[in-house]
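Take a look at the structure below.
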Amino acid sequence: MFEIYIDPGVKRFMLSLNMDTRAKVDRNIGLLEEFGYQLGMPHTKKASAQLFELRIQGQLEVRIFYCFHNNMIKLLHGFVKKSQKTPARELSKAYNKYRALDEI
């Protein structure tokens, strides 16, 4: 089992979601906590060398970027996906938060 750290921005994002979607997000975070690296499609997908995306499907397509850092899973950035391709701006936000982890 992994310890989960949720960025304050991700917490605010999660609270902005409707109850059904938030329940699905909580369920997928629980799966991620339990299975870690072994959790695969359709729940998670590698987004870059260091970042992964937690994929929540339903009425809304929710994505939460995360990484494995210091034996923890850190949820860095979440957004509602509106197009087929992941916007580069969203990936960039997550990557900037990832880089900031090593500066602390």
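Observations, loosely collected:
- Of all residues in the stretch 15-35 being touching a helix residue (DSSP H, G or I) at 6+ places or on another chain (Cβ under 7 Å) and part of a helix (DSSP H, G or I), the one that is nearest to Y66 (Cα to Cα): V25
- Checking the stretch 36-45 against the condition returns a match, with at least one residue being in a strand (DSSP E or B) and surrounded by 11 or more Cβ atoms within 10 Å (Cβ to Cβ).
Okay, residues lined up against (1) over 13 Å from the mean Cα position of the chain (by Cα); (2) within 16 Å of K11 (Cα to Cα); (3) among the β-branched types (V, I, T); (4) surrounded by 13 or more Cβ atoms within 10 Å (Cβ to Cβ):
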position: I64; (1), (2), (3), (4): no, yes, yes, yes
position: N71; (1), (2), (3), (4): yes, no, no, no
position: K74; (1), (2), (3), (4): no, yes, no, yes
position: F79; (1), (2), (3), (4): no, yes, no, yes
position: S83; (1), (2), (3), (4): yes, no, no, no
position: R89; (1), (2), (3), (4): yes, no, no, no
position: K93; (1), (2), (3), (4): no, yes, no, yes
position: Y98; (1), (2), (3), (4): no, no, no, yes
position: L101; (1), (2), (3), (4): yes, no, no, yes
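- Complete set of residues in the stretch 5-22 that are surrounded by fewer than 15 Cβ atoms within 10 Å (Cβ to Cβ) and closer than 21 Å to E34 by Cβ: K11
Readers should treat all values here as calculations from the given coordinates under stated rules, not as data from a laboratory. Because the structure is predicted, anything quoted here is derived from the model rather than measured. Ideal geometry is used to build each Cβ from the backbone, glycine not excepted, and the neighbour counts take in all protein chains shown.
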